[in-house]
Amino acid sequence: MYNLIELLNNRIHKIERSIIPKVIKIDEELIKKVKDKCDDLYDYELEIEIIFYLSNEHSNYDKNEDNILTTLSESVKNISVSKDFYPYNETNHNDFVNWDNHIFKGQYHCWWFHCLYDHTNLDFEDLLNIGDIFFDIHIRYQYLYEK
């Protein structure tokens with residue numbers, strides 16, 4: 001199980017490193033639009049939604065269902081303001097680093113992997129059943145027209 005958990009964390013970390021630069025670019029563009037006096041964009045919200053699906057090899061997989069194990073949502077507005085925007089700054093988010101003799105004590109855990117085991121109702125056994133991972137980047141453009 002240790003190696004499978006580490007492989008899943010590495011997979012999620014690779015995705016995290018791929019998505020975050022895209023979101024930073026979007027955030028930079030939105031900040032410019034808000035500051036631009038010629039643009040009537042008043043404000044915005046920027047969020048990431050990460051959807052984890054049950055592996056199609058799992059016995060409970062049903063091709064007629066959505067097979068979602070869990071979903072994580074995070075606001076990433078202003079992520080471009082700091083290159084070390086916490087929690088995406090390569091900090092080790094492993095809750096077990098200070099636990100004596102814990103099997104995951106020496107592992108690095110990226111933020112989204114940490115969220116899976118600490119912010120959802122999934123246990124480590126459930127994590128081993130993750131198949132596809134889907135990302136949505138949600139932008140809400142906010143306009144204000146005062147009286």
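Here, each number is a calculation from the coordinates, and none is a lab measurement. In this text, all values refer to a predicted model and were calculated from it rather than measured experimentally. For neighbour counting, all protein chains shown are included, and Cβ atoms are generated from backbone atoms with ideal geometry for every residue, glycine included.
Does any residue in the range 61-75 that is closer than 13 Å to Gly131 by Cβ and in contact (Cβ under 8 Å) with a residue 12 or more places away in the chain come within less than 8 Å, Cβ to Cβ, of a residue that is part of a strand (DSSP E or B) and acidic (Asp, Glu) six or more places away or on a different chain, and which pairs are these? So the pair list comes out empty. Filtering Tyr117, Tyr53, Tyr88, Tyr44 for residues that are within 20 Å of the chain's Cα centre (by Cα), assigned to a loop (DSSP other than H, G, I, E, B) and surrounded by 16 or more Cβ atoms within 10 Å (Cβ to Cβ) leaves a single hit, Tyr88.
Quick check on my filter: what residues within the range 12-41 are among the basic types (Lys, Arg), under 30 Å from Phe104 (Cβ atoms) and in contact (Cβ under 8 Å) with a residue 24 or more places away in the chain? Listed by number, the list holds a single entry, Lys22.
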